[in-house]
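The values are calculated or read from the model by the stated rules, or taken from the named source; none is laboratory data. Just so it is clear, the model here is predicted, and its values are computed rather than measured. Note that each Cβ is placed from the backbone with ideal geometry, even for glycine, and that neighbours are counted across all protein chains shown. Quick note on the areas: whole protein, heavy atoms, side chains included, nothing else; ligands and nucleic acids left out. Shrake-Rupley method; radii C 1.70, N 1.55, O 1.52, S 1.80 Å.
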Amino acid sequence: MYSNVDKLLTRPTSFGSETGSLAVGEFEASPEVRDFVTSECKVLVVGAGGLGCEILKDLALSGFADIHVIDMDTIDVSNLNRQFLFRAKDVGSPKATTAAAFINARCPKTTVTAHVGKVQEKDGDFYAQFNVVCSGLDNVEARRWLNSMLVSLAEVDDDGNVVDPSQIIPMVDGGTEGFRGQARVIIPRFTSCFECSLDSFPPQKTYPMCTIAETPRLPEHCISYAQLVEWPKAFPDKSVDTDSPEDMTWIFQVAEARARKFDIEGVTYMKTMGVVKNIIPAVASTNAVVSAVCVNEVFKLMTLCSQSLNTYMMYMGNHGVYTHTFEYKKKDDCPITSARVRTLAVAPTMLLGTLIESMCGPDSDLRLKAPSLTTASQSLYMRKPKALEAATRANLGKPLSELVADDDEITVTDAIFPGDVSLTLKLSFECEEAA
Amino acid sequence: MATDNKYDRQLRLWGANGQRALAESHVLLLGAGPAGTETLKNLVLPGVGRFTVVDGATVSEADLGNNFFVRPEDVGRPRAAATAELLKELNPDVEGFHRVARPEEVVAAEPDFVASGFSLVIAAQLEPAALQALGERCWANNVPLIAIRAYGLLGVVRLQVRRLEVVESKPDNVAWDLRLAAPFPELEAAADALDLDGMADADHAHAPYVLVLAKLAKAWRVSHGGASPKTRAEKDEFRALVAGAARELPSKVPEMNFEEASNEAYRCWADPRELPWEAQAWIDDARAAPDAPSEGRRGSVGSEAAPAAPPSATHVAVASVAAFMDAHGGLPPLSGAVPDMHADTASFVALQKLYAARADADRAACLAIFAAKLAEATGAPPTADEAAALALVCKHVRDVKLVATRSLADELAAPNLGEAATALFETDDAREKAQAPVVWYAALRAADRFFVKRGAWPGADGADLAADAAAVADELRAFVTEADCADAFDGVLSEAHAKEIARFGAAELHAIAAVVGGVASQEAVKVLAKQYTPIDHTYLFNGIAATAAIIDV
Ligand SMILES: [Zn+2]
């Protein structure tokens, strides 16, 4: 059945993995390599959406027989133009189980096991059972978490060397936006990681509040006003359900009224959805390209039958097709892959609460969500458990000089990273004048 | 769910125009292997109107291992029927047909089958001689052709179009036509009415930069004998003048509209008569031949002229724009679009209306020319669709382009490989050079030569791998020598490339077929929707090192 794959795996080559610039092992052509793919290798697919559907199909038809897929979403009508494992009758069902059932029916040699839920709900033992992880998520937060989980699974000794190479689980990650996309290979502890490239995923574009409120000019300004100003006024206790036609219609109508008042043209229901849901255009073709590039890398990493992508491929399809392959370098102060301790210059008078705020939000360097801080000797501020939160809350209003000494190291944990992953920061006091 | 439109996510790219064009298309697929079915899948999902699959094979065990559109129970059935059925099942909006016949035989026996109403032909894994013949028929009938191939770890998408009229090319950076170097009377009047000195601070900080520039540029011209800033020194002086016109507000916050005005000052001397060369080329062509569209960019060796067809409404619209420009000192119709800028609501909306009104007037003038041209040819006034075509051209006059690739016949007879090779070896690293996509282009041409001589692919099942590799190496040397580019490949091509081709044994790996299917369907959408910029002309994906390039040989 896999006679095409067999040719690649049972015939020798001058371009095996060992000959590439990201060598991960030596290729030995043999039927055993094929048997490893079809009966031993365990692959985790993260996401069962536009990329995930493609990845599952590509893996099954590359011979992989033991595949797991995890996704928390349910199927929406607007998925059907590309997520080809779903039909109109499936709208509302979980993506993971529906996708798995389709592949299992179409490709009888492959077994896909579905997990409905968030990647953050699974622990290290769950992820450690896989040989490789292939992710196709549109969610930066989940990818950051997954990346640090996989890096943390490859334990290192005091010199930073990986203790047991079998703990290295490669992550092949894809992403798309309209006609553009990228595919990359992350070998934990060896290559750059997802966190190294966080800057290339800019936070969502927003409009300045003063423009929205005082000088609206575009339909987008009116829609944002309806969403951010009018909605909380009308429904103080309820947030917008972007999947509810009633809620979206309300925002559309309020935005339309505001646009009429200012003589602004172009507020439509479709544009309202685009702005409120931050909709990113998506087509079948780009998903197909990026997913297939990812699965080709998974296939080569697991069989060593050819060289590996080192490490990043960018794809732009609007005008001609521009593809650029390059080695994404490690960021030397990456909180995940760099051993270097970041030094943060702070004023001793800065309040702990202000320091924590400065680590959060889309414009900060670290883009954390809800950090907890400790020093070697005490808890500065802990979110959990409740009693500890209550006990440390008062520290938020205290200046740093009362809590830590100059050049003290603090440990930061955050929901963006798995539980046992932390980063270390060194606080260095600036003199008052400079601050 | 907040929408009931399953096409919502793609409409945000190609809009209602693109979707309509897609829904009105009929795509012919020759060859229902994995590269072909993956391409078609990505066209059925977004709602192509109709497709026809032509394939002569019977579903085998091997198909189950690399083709998603066959099931175990289909083994033994015609592959055309099985794949068409499962492809159709993806989207109830799409009509699907199939025909059980070897594509090579159809091409040989019914050479003009491709011209029987298809919008686009996709040829998957066609044998070299049949592909060449098909290319010639598609060229002669001006039917776009996408030839695709998955060969071991290599994937190829080859587009051939003789003449494609693209209006909505959707450039990444919009070239706003604001007419500051040649202001129309209404713009001048609005600028004159702007009392920069007498304004309250709040109004001063919210005056649209376009009006600020129009006003300051006029003052400059008045004091410089009617000329705009020309020399570098004059341009710097003008920029300083613009920056100096900003007020220092009590809040000390710099005026953002004046910052924008400084940054955009170049618009006061950027000549709106200068169009991108692609747009200018089509306008010149339409002016010279309003009734007989040209051949496109390049002729083809020994090929026949395209059958005389009446010019499209779009071509007549471009010719009308050319006539409008001749009557307006070379100025094209105004598009009417204005970028967002720092301004208060009322001033911005008034500015938008000013530009829109002028654009309406220009379009009406173009429509009058257009109607006269059509009346001459057909005796009838423009239909709603024809008027819409004219409006679209007026709106996107800077973005229009004629797309034409080199013909397959020319490429096969005389590949410009030396040129392509030098440009495509972007690196000095020997390992990277060995994986440059253009090297694999040459290797695939060698595989084709091998096939033409022996009727089988190198490294096919049961073949002597070493002997086949040696024969491919001979073909490779002969090919680069005949293509007169042996020097360019010296030290880059090695026996290893020939051995790898033999190792592949023409295997169709699903992942490679899926890359090919993705790129091919993307190009198909561009060609059918007449939007964006299609490739010129070959995309080669090297799955060994995950590198890829456009090769125009
Ligand atoms: Zn990193």
Exercise for the section: Output the residues belonging to segment A:254-275 that are without any contact (Cβ under 8 Å) to a residue 12 or more places away in the chain and over 12 Å from B:THR3 (Cα atoms). Expected result: A:ALA257, A:ARG260, A:LYS261, A:ASP263
Practice task
Consider A:LYS398 carefully, then state whether it is over 22 Å from A:CYS193 (Cβ atoms) and in contact (Cβ under 8 Å) with a residue 12 or more places away in the chain.
Solution key: yes
Practice task
For segment A:38-47, state whether one or more residues are open to solvent by less than 20 Å² (accessible area, probe 1.4 Å), without any contact (Cβ under 8 Å) to a residue 24 or more places away in the chain and in the same structural domain as A:PHE126 (by the TED database).
Solution key: no
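So that you can scan it fast, the table gives a plain yes or no per residue for (1) more than 16 Å from the ligand (Cβ to nearest atom); (2) modelled with pLDDT of 95 or more; (3) part of a helix (DSSP H, G or I):
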| position | (1), (2), (3) |
| --- | --- |
| A:GLU297 | yes, yes, yes |
| A:SER308 | yes, yes, no |
| A:LYS331 | no, no, no |
| A:ALA387 | yes, no, yes |
| A:ALA391 | yes, no, yes |
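So that you can scan it fast, the table gives a plain yes or no per residue for (1) open to solvent by less than 10 Å² (accessible area, probe 1.4 Å); (2) within 16 Å of the ligand (Cβ to nearest atom); (3) within 18 Å of A:THR413 (Cβ to Cβ):
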site	(1), (2), (3)
A:CYS305	yes, no, no
A:TYR312	no, yes, no
A:GLU327	no, yes, no
A:CYS334	yes, yes, yes
A:VAL346	yes, no, no
A:THR349	no, no, no
A:SER358	no, no, yes
Practice task
Please work out which residue is farthest from B:LYS6 (Cα to Cα), limiting yourself to segment B:28-74 and to residues that are at the interface with chain A (Cβ under 8 Å from one of its Cβ atoms) and outside any helix (DSSP H, G or I).
Solution key: B:GLY65
Problem - Count of residues meeting criterion [modelled with pLDDT under 90 and open to solvent by 50 Å² or more (accessible area, probe 1.4 Å)] in segment B:408-431 - result: 9
Exercise for the section: For segment B:439-533, please list each of the helices (runs of 4 or more DSSP H) lying entirely inside it that holds at least 1 residues being modelled with pLDDT of 95 or more. Expected result: B:465-482, B:495-504, B:510-529
Handout entry: Positions within segment A:260-275 being more than 10 Å from chain B (Cβ to nearest Cβ), crowded, with 16+ Cβ neighbours inside 10 Å and in a helix (DSSP H, G or I), in sequence order
Key = A:VAL275
Completion exercise
So, first residue over 11 Å from A:LEU56 (Cα atoms) and among the charged types (D, E, K, R) in segment A:99-127, second residue at pLDDT 95 or above and open to solvent by 30 Å² or more (accessible area, probe 1.4 Å), Cβ within less than 6 Å, six or more apart or across chains; the pairs are A:LYS118/A:MET72
Handout entry: Criterion: out of contact with any Gly (no Cβ under 8 Å at 6 or more places or on another chain) and more than 23 Å from B:ALA506 (Cα to Cα) - qualifying residue of B:GLY56, B:GLY47, B:GLY31, B:GLY76
Key = B:GLY47
Problem - Residue in segment A:361-371 that is more than 16 Å from the ligand (Cβ to nearest atom), among the acidic types (Asp, Glu), open to solvent by 50 Å² or more (accessible area, probe 1.4 Å) and not assigned by the TED database to the domain that holds A:VAL162 present - result: yes
Practice task
Considering only residues that are in contact with a Leu (Cβ under 7 Å, 6 or more places away or on another chain) and surrounded by fewer than 24 Cβ atoms within 10 Å (Cβ to Cβ), look in segment B:76-98 and name the one that is nearest to A:ALA105 (Cα to Cα).
Solution key: B:LEU90
Exercise for the section: For B:GLY96, indicate whether it is at negative phi, at pLDDT 95 or above and assigned to a strand (DSSP E or B). Expected result: yes
Practice task
Would you check which residues across segment A:7-44 are farther than 26 Å from A:TYR312 by Cβ and outside any helix (DSSP H, G or I) and list them?
Solution key: A:ARG11, A:PRO12, A:GLU28, A:ALA29, A:SER30
Handout entry: Residue check for A:THR176: surrounded by 13 or more Cβ atoms within 10 Å (Cβ to Cβ), in a helix (DSSP H, G or I) and away from the ligand (no atom under 14 Å from the Cβ)
Key = no
Practice task
State yes or no: is A:LEU153 in contact with a Gly (Cβ under 7 Å, 6 or more places away or on another chain) and within 16 Å of the ligand (Cβ to nearest atom)?
Solution key: yes
Problem - Which numbered condition B:ARG163 fails, given (1) within 25 Å of B:ALA270 (Cα to Cα); (2) open to solvent by 20 Å² or more (accessible area, probe 1.4 Å) - result: (1)
Fill in the blank from the handout: Restricting segment A:179-192 to residues that are among the basic types (Lys, Arg) and either within 14 Å of another protein chain (Cβ to nearest Cβ) or not in a loop (DSSP other than H, G, I, E, B) (or both), the one nearest to the ligand (Cβ to nearest atom) turns out to be A:ARG184
Practice task
Would you check which residues across segment A:179-209 are open to solvent by 10 Å² or more (accessible area, probe 1.4 Å), aromatic (Phe, Trp, Tyr) and over 14 Å from the mean Cα position of the chain (by Cα) and list them?
Solution key: A:PHE190, A:TYR207
Completion exercise
Selection from segment A:298-326 of residues more than 7 Å from chain B (Cβ to nearest Cβ), in contact with a helix residue (DSSP H, G or I) (Cβ under 9 Å, 6 or more places away or on another chain) and under 21 Å from B:GLU38 (Cβ atoms) yields A:VAL298, A:LYS300, A:TYR315
Completion exercise
Flagged in segment B:75-93 as within 9 Å of another protein chain (Cβ to nearest Cβ) and assigned to a loop (DSSP other than H, G, I, E, B), in numbering order, are B:GLU89, B:LEU90, B:ASN91, B:PRO92
Practice task
For segment A:74-94, indicate whether the set of residues that are away from chain B (no Cβ under 14 Å), small (Gly, Ala, Ser) and open to solvent by less than 10 Å² (accessible area, probe 1.4 Å) is non-empty.
Solution key: no
Exercise for the section: State whether the residues of segment B:60-67 include one that is surrounded by 24 or more Cβ atoms within 10 Å (Cβ to Cβ), touching a strand residue (DSSP E or B) at 6+ places or on another chain (Cβ under 8 Å) and of a type in the set (Asp, Glu). Expected result: no
Practice task
Return a yes/no flag: does segment A:82-97 have any residue that is in contact (Cβ under 8 Å) with a residue 12 or more places away in the chain, under 26 Å from A:ASN147 (Cβ atoms) and β-branched (Val, Ile, Thr).
Solution key: yes
Problem - Meets criteria (away from the ligand (no atom under 16 Å from the Cβ), surrounded by 24 or more Cβ atoms within 10 Å (Cβ to Cβ) and either more than 9 Å from chain B (Cβ to nearest Cβ) or farther than 25 Å from B:VAL525 by Cα (or both)) for A:SER285 - result: no
Practice task
Check every one of the helices (runs of 4 or more DSSP H) wholly within segment A:193-244 and list those with 1 or more residues that are away from chain B (no Cβ under 14 Å).
Solution key: A:209-214, A:231-234
Exercise for the section: Using the structure shown, decide if A:ASP138 is within 13 Å of chain B (Cβ to nearest Cβ) and more than 16 Å from the ligand (Cβ to nearest atom). Expected result: yes
